[in-house]
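**Student:** The structure follows.
The values are calculated or read from the model by the stated rules, or taken from the named source; none is laboratory data. Just so you know, these numbers come straight off a predicted model, no measurement behind them. Here Cβ is always computed from backbone atoms with ideal geometry, including for glycine, and neighbour counts include all displayed protein chains. Calculation scope for accessible area: heavy atoms of the full protein, side chains included, ligands and nucleic acids excluded. Shrake-Rupley method; radii C 1.70, N 1.55, O 1.52, S 1.80 Å.
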Amino acid sequence: MTGRILSGVQPTNNLTIGNYLGAIKNWVDLQRQSETLFCIVDLHAITVPQDPKALHQATLEVAAAYLAAGINPKESAIFVQSHVHAHAELGWLLSCMTPLGWLNRMTQFKDKAGKKRDNAPLGLLAYPTLMAADILLYQTTHVPVGDDQKQHIELTRDIALSFNHRFQKDVFTVPEPLIKGEAKRIMSLRDGSKKMSKSDPSDFSRIHLTDTADEISQKIRKAKTDPAPLPETLDGFENRPEAKNLATVYAAFMNQTLEEALPAIAGKPFSDFKPLLADLLVDKLSPISTKMLQYLDEKSELETILKRGAEHASTRANQTLKQVKDVMGFVSPF
Ligand code: TYM
């Protein structure tokens, strides 16, 4: 696939296998085919309160995770969102053109703001206009994300189309979401109807990329299941969300579809399948966490990569920002 790809992860808490399977793992293949930019979206993270030290550490950890997972800084720009000032600036310009009604409809805002909407910070509501800025600044054609981000990308498309229409010029490329495979929505280990999330209060609901072998085994052992063995056919997963989720995780780490993975696991009771899955996870995650720690130890290399990434991204982003400001009538600096 040719085109330009941008995506990002918030540096909030530890990354989960949901972030990895739903997003980062797919980015690795894309970087060989397209121009790719991957950012650590720290300005998004502060839409909910963050401890400054934890934000700092999580930002470096997400960068280390990108690299450890196989994002190659020679092929992709890896950068911290707040290092490229154009994001905040275009975010403001777009927020002045986005109707409140569009933002009020966003399910992520409704979930995060909860019942006390009046207490929610303005940034939480404006979040999707900043995300639109992230994407539109790079004339992005495709945005590889998990299922939960689809609505935000649809809004980005609406913002791009309405801007182009209002100023009668194709300033922005209208991006497409790229939501691939069965791992697009990995569910909580405690409740097959809830998304696996970095922010779930229960640590047992998710597996982190940096979990130890013991933690992984324990979390998989305690994962909610039902009494029946794994089914022989895909139809057999109906009304068995927990079983389907664990089998999907297995398939995704085997680089297979659920259908391809099924013959090897069909008919297994969970007492056999869970240790198999735990071993697979340890096998796939331990090289990633080892490399992450190496990058975090070698901070100067990480800093050089992020600096280069931000320089590359800024050049691209500033071109778009200039076009936007020109059509809107801003006077260029003298
Ligand atoms: P964030 O940080 O919540 O998640 C990062 C990526 O991980 C995917 N993801 C999942 N995929 C499958 N199953 C899950 N349980 C799961 N949980 C998370 C998300 O879909 C996402 O792709 N708003 C974005 C960050 C962002 C962004 C952007 C993304 C800001 N600007 C521009 C793309 C382009 C977010 O909160 O992701």
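**Student:** Find, among the GluC sites (Glu not before Pro) in region 222-308, those assigned to loop by DSSP (not H, G, I, E, B) with at most 12 other beta-carbon atoms within 10 angstrom. All intermediate terms of the calculation are to be shown ahead of the outcome.
**Tutor:** Details: sites: E232, E238, E242, E259, E260, E298, E301, E303; in loops: E232, E238, E298.
Here the sparse-neighbourhood loop sites are E232, E238, E298.
**Student:** Choose one of A266, P229, M328: the residue whose Cα lies farthest towards the positive end of the charge dipole of region 192-334 (beta-carbon charges +1 Lys, Arg; -1 Asp, Glu; about the Cα centre).
**Tutor:** With unit charges placed on the Cβ atoms, the residue in question is M328.
**Student:** Based on Cβ point charges of +1 for Lys and Arg and -1 for Asp and Glu, what charge dipole magnitude is obtained for region 1-149 about its Cα centre, in debye rounded to the nearest 20?
**Tutor:** Working: 11 positive and 12 negative charges, 61 e Å.
For region 1-149, the charge dipole is close to 300 debye.
**Student:** Another one. Within 10 Å, count the other beta carbons around each residue, average over each peptide in 39-48, 134-143, and list them highest first.
**Tutor:** Working: 39-48: 22.6, 134-143: 24.1.
Per-residue mean Cβ counts within 10 Å order the peptides as 134-143, 39-48.
**Student:** Antiparallel DSSP bridges in the chain: what percent, to the nearest 5?
**Tutor:** Working: 2 of 17 bridges.
Roughly 10 percent of the beta bridges in the chain run antiparallel, per DSSP.
**Student:** What accessible area per residue comes out for region 154-274, rounded to a whole number of Å², with a 1.4 Å probe?
**Tutor:** Details: 6230 Å² over 121 residues.
With the other protein chains kept in place, region 154-274 gives 51 Å² per residue.
**Student:** Relative to the compact-globule scaling 2.2 N^0.38 Å, provide the ratio for the alpha-carbon radius of gyration of the chain.
**Tutor:** Values: Rg = 20.7 Å, N = 334, 2.2 N^0.38 = 20.0 Å.
Ratio of Rg to 2.2 N^0.38 Å for the chain: 1.03.
**Student:** Same structure, new question: Binning at 10 angstrom from zero up to the longest distance, how are the C-alpha pair distances of region 186-242 distributed in percent?
**Tutor:** 23, 47, 26, 4
**Student:** Follow-up question, since we're still on this one. In percent, how large is the relative contact order of the chain, given Cα pairs closer than 8 Å and 6 or more residues apart? Mind dumping the intermediate values first?
**Tutor:** On the way: 520 pairs, mean separation 76.6, N = 334.
Result for the chain is 23 percent.
**Student:** Using modelled backbone amide H atoms (1.01 Å from N, in-plane), which distant-in-sequence or interchain residues come within less than 5 Å of L178's amide H?
**Tutor:** Distant-sequence amide H within range of L178: V143, V145.
**Student:** Please name which of L93, V171, A23 has its Cα lying farthest along the dipole of the chain towards the positive end, using unit charges on Cβ (Lys, Arg +1; Asp, Glu -1) and the Cα centre as origin.
**Tutor:** Checked the options; the winner is L93.
**Student:** Let me ask something else. For the chain, build the charge dipole from Cβ charges (+1 Lys, Arg; -1 Asp, Glu) around the Cα centre, then report which of T12, L155, S82 sits farthest towards its positive end.
**Tutor:** Working it through, the farthest residue towards the positive pole turns out to be L155.
**Student:** Carbon and sulfur: what percent of region 167-326's accessible surface (1.4 Å probe)?
**Tutor:** Summing carbon and sulfur atoms, their accessible area is 48 percent of the total for region 167-326.
**Student:** Counting every Cα pair in region 282-326, what percent are over 11 Å apart?
**Tutor:** Numbers: 711 of 990 pairs.
Value for region 282-326: 72 percent of Cα pairs lie more than 11 Å apart.
**Student:** Below 8 Å between Cα atoms, with a sequence gap of 6+, how large is the relative contact order for region 1-118 in percent?
**Tutor:** Computed over region 1-118, the figure is 29 percent.
**Student:** Right, here's the next one. Taking K and R as +1 and D and E as -1, what net charge do the other residues with C-beta under 10 Å from the C-beta of V174 add up to?
**Tutor:** Neighbourhood net charge equals -2.
**Student:** Across region 196-321, how large is the tail of the calculated P(r) beyond 17 Å, expressed as a percent of all Cα pairs?
**Tutor:** On the way: 5222 of 7875 pairs.
Counting every Cα pair in region 196-321, those more than 17 Å apart make up 66 percent.
**Student:** Another one. Please give the charge dipole size of the chain, origin at the Cα centre, charges +1 on K and R Cβ atoms and -1 on D and E Cβ atoms. Round to the nearest 20 debye. Kindly include the intermediate steps, with their values, before the conclusion.
**Tutor:** On the way: 39 positive and 39 negative charges, 154 e Å.
Value, rounded to 20: 740 debye.
**Student:** Further, regarding this structure: Normalised by the residues of region 134-190, what does the relative contact order come to in percent, with Cα pairs under 8 Å and at least six apart?
**Tutor:** Values: 67 pairs, mean separation 27.9, N = 57.
Worked out over region 134-190, it gives 49 percent.
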